[in-house]
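One structure is given below, encoded as structure tokens.
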Amino acid sequence: QVPVVESGGGLVQPGGSLRLSCAASGMIFGLYTMGWYRQAPGKERELVATITSIGHTNYADSVKGRFTISRDNPKKTVYLQMNSLKTEDTAVYYCNRPSTTWGTATMDDWGKGTLVTVSS
């Protein structure tokens, strides 16, 4: 068992959509802000979106208006709906617990992530 398991990635054309899921374990999920991070090839990992325990959201400027983060506390799952995908969205996507509503990850054990490839 791992703290989080990401899924839903795949190959999609520019302008397409994907929905990522992050299933959590080993935590009182409903108490924590959750976030999606991504790491593009050759780039540093960056925070993409967060959602607080009561559903308030924040987004990186690069995905604002295109991505939507949501959560289902009873299912201990956080989602990332990605629309109007661009090639620059290509990355491995991870979920973790930010230190604040917009901060660094706090869980040392990262999941394996899920790869999103946006290409024609």
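Where a number appears in this text, it was derived from the coordinates with a stated rule and is not lab data. This structure is a prediction, so every number in the text was calculated from the model and none was measured. Glycine also receives a Cβ, built like all others from the backbone with ideal geometry; neighbour counts cover every protein chain displayed.
Tabulated data
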item	result
³J(HN,Hα) computed for each position of the stretch 45-62 - Karplus, 6.51 cos²θ - 1.76 cosθ + 1.60, integer Hz, glycine/proline x	5, 9, 7, 9, 7, 9, 9, 6, 4, 10, x, 6, 10, 9, 9, 5, 4, 5
Estimated FRET transfer efficiency when R0 is 25 angstrom, pair Asp109-Leu11 (beta carbons, to 0.05)	0.35
Under the Karplus curve 6.51 cos²θ - 1.76 cosθ + 1.60, θ = phi - 60°, whole-Hz ³J(HN,Hα) for the stretch 102-119, x wherever Gly or Pro sits	8, x, 6, 5, 10, 7, 5, 8, 6, x, 7, x, 9, 7, 10, 10, 10, 7
Proximal aspartates and glutamates to Lys75, defined as alpha-carbon separation beneath 13 angstrom and excluding residues fewer than eight positions away on the same chain	none
Residues of type lysines that Lys76 reaches as a straight line, Cα spacing below 23 Å, ignoring anything fewer than 8 places off in the same chain	Lys112
Within the stretch 86-109: backbone nitrogen closer than 14 Å to the Lys43 label point (7 Å, Cα to C-beta)	86-94
